[in-house]
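Working notes, beginning with the structure itself.
The values are calculated or read from the model by the stated rules, or taken from the named source; none is laboratory data. Keep in mind the model is a prediction, meaning the values are calculated, not measured. Please note: Cβ atoms are built from the backbone with ideal geometry, for glycine as well, and neighbour counts cover all protein chains shown.
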Amino acid sequence: MVKIFDDFFRERKRYFSRKPKSIDIDIKDDLNGIKNELNGYLEAINENTSEIQASYESMNGLNDKMEKLAERIERIELFLQSNSNFIVEGKSFDIKPLTKTEQHVFLVIYALEDEKGLVSYTDISRKTGFPGYVVSEYIARLVEKGIPVIKKYVNSMPYIKLNPDFKRLQAKENILMIDTAQKELVNFN
């Protein structure tokens, strides 16, 4: 009986100690080839990502320069208006009436913009108590109703602000007809 087991284990040892067959080596070579191919794709994706990031940063730089130009032109217009007979065409905005909640969201954007400059959806969400998806829905409604909202991305995060001409017109003429009680509510929160 011991001899039978010895023979069995000897055979087993010989079977497992044999060199791998060429099929095993071919499979290994194929897998290495696939791995090298995937690494090539990964490098291409990383290069494309870098190009996209560089393009994005360039676009942000151009946006900033355009905003500065718009501010300079506005200052020139104001100077010309005050020192000559130059008259700037007034911009008109076609605004549909807002609900009380839309007015509240608008006022929050208005107030936060005065405070921070650019306003994130998270800032609006904190101030109003609405979840982020509700805030984005209300901003879409404001845009649909004609409120000129400027959206800007900073580090892939969306920020908004109101069109400066519209904001100035709202401050002077209250074209949205927001009652003072609503304004006071935003100021105390």
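Keeping to the range 36-77, report how many residues are within 22 Å of LYS161 (Cα to Cα) and of a type in the set (A, V, I, L, M).
Counting residues in the range 36-77 that are within 22 Å of LYS161 (Cα to Cα) and of a type in the set (A, V, I, L, M) gives 6.
Can you confirm whether the range 150-159 contains a residue that is out of contact with any strand residue (DSSP E or B) (no Cβ under 7 Å at 6 or more places or on another chain) and either among the basic types (Lys, Arg) or assigned to a helix (DSSP H, G or I) (or both)?
No, every residue in the range 150-159 fails to be out of contact with any strand residue (DSSP E or B) (no Cβ under 7 Å at 6 or more places or on another chain) and either among the basic types (Lys, Arg) or assigned to a helix (DSSP H, G or I) (or both).
Consider only pairs whose beta carbons are under 7 Å apart and that are at least six residues apart or on different chains; among these, list those whose first residue lies in the range 39-57 and is assigned by TED's automatic domain parsing to the domain that holds VAL154 and whose second residue is aromatic (Phe, Trp, Tyr).
none
For the subset of the range 151-170 comprising residues that are of a type in the set (A, V, I, L, M) and more than 16 Å from VAL108 (Cβ to Cβ), which member is surrounded by the most Cβ atoms within 10 Å (Cβ to Cβ)?
LEU169
Only residues that are of a type in the set (S, T, N, Q) and out of contact with any helix residue (DSSP H, G or I) (no Cβ under 9 Å at 6 or more places or on another chain): list them for the range 121-158, please.
ASN155
Does VAL143 qualify as being in contact (Cβ under 8 Å) with a residue 12 or more places away in the chain, in the same structural domain as GLU173 (by TED's automatic domain parsing) and part of a helix (DSSP H, G or I)?
So VAL143 fails the test.
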